[in-house]
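Undergrad: Just dropping this structure here.
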Amino acid sequence: MYTSGIIAEYNPFHNGHRLQIEKIRKKLGADASIVVCMSGAFTQRGSAAILSKGVRARCAVENGADLVIELPTVFAVRSAQYFAEGGVRLLAALGIVDTLSFGTETVDAEFLSSIAERMQSGETQQAIRSTMKDGLSYAAAVTKALSLTADEADALRRPNTILAVEYLRAIHTFSPELHALPLLREGNAYNDTELSGKYPSASAIRNSIMKHGLTEALRTAVPASVFSSLTAEKSFPERERLFRPLLAKLYTMTPSDLAAGFGISEGLENRILEAAKNADSLEDFCIALRSRRYPMSRITRTLLALLLSFSPSELMEFDRLGPLYIRVLAFNERGRGLLKIIREKSRLPIISRVRPFLRHGADEPDNMAQRMLRYDTLASDIRGLMLDPIPHAGEDFLLSPVYVKPISQKS
């Protein structure tokens, strides 16, 4: 029996995600198990997830996944390379995953593998970093560094293709025994913002919710259980609610304080403090900081890193060590069986409740697993500030894995 891993955000889970799971089982067999490594409170672009991680994990299991675990925040909210590396390393550490499946705009395995292999060299990486300093996007920097043809550059410019290449690079470096299973991404483009077609993008779904609420068009774009979960929400995260907490933090900082932070260099610290004096909203603040060198996604990630107080030296150590725990968010009966095998095969601790894990050995100053986990709980609290009403801090400590019963057992 095969076990396939998926690295996802499910923000929110939609019809295209369910189609991917169906395709995996069509390729690997109906009895294939599906393990999802999912981001938590915030996504890779630095935006708050529209639903909590517990709800999103439950929706995934209700629609075909067997087990959902959390991708630690220190990997989940960073650039594609670290997002991919964190997910691949965590799935490989389970000891049960045979295949990594991912959606991409091209399933030309030879092309994807060729790009991934060529990007592995230190010389290429240096060229990419140097070119990005000139203001080019990551895809454009890769195109220039590798001297790609126009057709190759067009394929690579699509966001899921870039991520696919990063998955292959991470597999090559950290888990070469893992098989890649690229699947053609169907439906609307990843960045589409209009709700249309059978498989609209997650961006279009979020945009529709924030503009029009829960419409009948939305009902057809997501599985029934996801629509029910969206309907049950009291409120969705509002980005502007982070403006005042961000200003409060910046008012206590000097340029040198900022320059010591993660992702802040080349004078950005001065621009941040200047923008903080003049901006009337978080949107204005981000627009004032945006440039060719710092696109909006990078600005959003940088500001989130600031709120989380990411330490560059600590992140370097996390990158060296990889994910240090397996936090279970949701599972079904098959997932329960997978967890038994994981306990036997994995060297990583399995976390079902946060508080006992953080208490154990809390007096050990170099407990990196606890440091990593605290970023997850902090991210959940920061997301809570974006809701109305604001939940009590520490709700992540009350979260337990969700067991999804078989349909025959549900009342």
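Undergrad: Have a look at Ala275, Ala305 and point out the one that is touching a Cys at 6+ places or on another chain (Cβ under 9 Å), surrounded by 15 or more Cβ atoms within 10 Å (Cβ to Cβ) and of a type outside the set (D, E, K, R). Before the answer, list the steps.
TA: Values: Ala305 fails: touching a Cys at 6+ places or on another chain (Cβ under 9 Å).
Criteria check complete, one pass: Ala275.
Undergrad: Looking at the range 312-343, which of its residues are within 25 Å of Leu378 (Cα to Cα) and surrounded by fewer than 17 Cβ atoms within 10 Å (Cβ to Cβ)?
TA: We begin by selecting, within the range 312-343, every residue within 25 Å of Leu378 (Cα to Cα); these are 312-331.
Within the range 312-343, Pro312, Ser313, Glu314, Met316, Glu317, Asp319, Arg320, Leu321 qualify.
Undergrad: Let me ask something else about it. Which one is nearest to Arg129 (Cα to Cα) among residues in the range 283-302 that are open to solvent by 10 Å² or more (accessible area, probe 1.4 Å) and hydrophobic (A, V, I, L, M, F, W, C)?
TA: Checking each candidate, the answer is Met296.
Undergrad: Would you mind telling me which numbered condition in (1) more than 13 Å from the chain's Cα centre (by Cα); (2) buried (at least 22 other Cβ atoms within 10 Å of the Cβ); (3) not in a loop (DSSP other than H, G, I, E, B) Ala65 fails?
TA: Every listed condition holds for Ala65 apart from (3).
Undergrad: Can you pull out the residues in the range 245-256 that are open to solvent by 70 Å² or more (accessible area, probe 1.4 Å) and touching a helix residue (DSSP H, G or I) at 6+ places or on another chain (Cβ under 9 Å)? Let's see the steps before the verdict.
TA: Residues of the range 245-256 open to solvent by 70 Å² or more (accessible area, probe 1.4 Å): 251-252, 256.
Across the range 245-256, the qualifying residues are Tyr251, Ser256.
Undergrad: A further question follows. Read through the list (1) within 21 Å of Met38 (Cβ to Cβ); (2) touching a Phe, Trp or Tyr at 6+ places or on another chain (Cβ under 9 Å), then give the number of the only condition that Asp376 fails.
TA: The one condition Asp376 does not meet is (2).
Undergrad: Let me ask something else about it. Tell me, which helices (runs of 4 or more DSSP H) lie completely within the range 88-182 with 1 or more residues that are hydroxyl-bearing (Ser, Thr, Tyr), modelled with pLDDT under 85 and surrounded by fewer than 19 Cβ atoms within 10 Å (Cβ to Cβ)? So that I can check it myself, show each step before the final result.
TA: Numbers: elements: 109-119, 122-132, 138-146, 150-156, 159-174.
The helices (runs of 4 or more DSSP H) meeting that bar are 122-132.
Condition check ((1) closer than 30 Å to Gly64 by Cβ; (2) among the aliphatic types (A, V, I, L, M); (3) touching a residue at least 40 places away in the same chain (Cβ under 8 Å); (4) part of a helix (DSSP H, G or I)) across all residues:
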| residue | (1), (2), (3), (4) |
| --- | --- |
| Leu246 | no, yes, yes, yes |
| Thr252 | no, no, no, no |
| Asp257 | no, no, no, yes |
| Arg271 | no, no, no, yes |
| Ala276 | no, yes, no, yes |
| Ser291 | no, no, yes, no |
| Thr302 | no, no, yes, yes |
| Leu306 | no, yes, yes, yes |
| Glu314 | no, no, yes, yes |
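Undergrad: Given the conditions (1) open to solvent by less than 30 Å² (accessible area, probe 1.4 Å); (2) at negative phi, report the number of the one that Gln81 does not fulfil.
TA: Answer for Gln81: the failing condition is (1).
Undergrad: If you don't mind, another one. Is it the case, given these coordinates, that Val55 is within 30 Å of Glu283 (Cα to Cα), in contact (Cβ under 8 Å) with a residue 12 or more places away in the chain and assigned to a helix (DSSP H, G or I)? I'd like the intermediate steps shown before the answer.
TA: Values: within 30 Å of Glu283 (Cα to Cα): yes; in contact (Cβ under 8 Å) with a residue 12 or more places away in the chain: yes; assigned to a helix (DSSP H, G or I): yes.
Yes.
Undergrad: Another question, then. Step by step: first the residues of the range 198-213, then only those that are without any contact (Cβ under 8 Å) to a residue 60 or more places away in the chain and open to solvent by 70 Å² or more (accessible area, probe 1.4 Å), then the one that is farthest from Asp381 (Cα to Cα). Which residue is that?
TA: His212
Undergrad: Is the range 235-243 home to any residue that is open to solvent by 20 Å² or more (accessible area, probe 1.4 Å), touching a residue at least 24 places away in the same chain (Cβ under 8 Å), in contact with a Lys or Arg (Cβ under 9 Å, 6 or more places away or on another chain) and part of a helix (DSSP H, G or I)?
TA: no
Undergrad: Now for a different question. Which one of Thr43, Thr99, Thr3, Thr106 is of a type in the set (Ser, Thr, Tyr) and touching a Lys or Arg at 6+ places or on another chain (Cβ under 8 Å)? Give the derivation first.
TA: Numbers: Thr43 fails: touching a Lys or Arg at 6+ places or on another chain (Cβ under 8 Å); Thr99 fails: touching a Lys or Arg at 6+ places or on another chain (Cβ under 8 Å); Thr3 fails: touching a Lys or Arg at 6+ places or on another chain (Cβ under 8 Å).
The unique qualifying residue is Thr106.
The values are calculated or read from the model by the stated rules, or taken from the named source; none is laboratory data. The shown structure was predicted, so the numbers you read here are calculated from the model rather than taken from an experiment. Glycine gets a Cβ as well: all are built from the backbone with ideal geometry, and neighbour counts include every protein chain shown. Note: areas computed on protein heavy atoms with side chains; ligands, DNA, RNA excluded. Shrake-Rupley method; radii C 1.70, N 1.55, O 1.52, S 1.80 Å.
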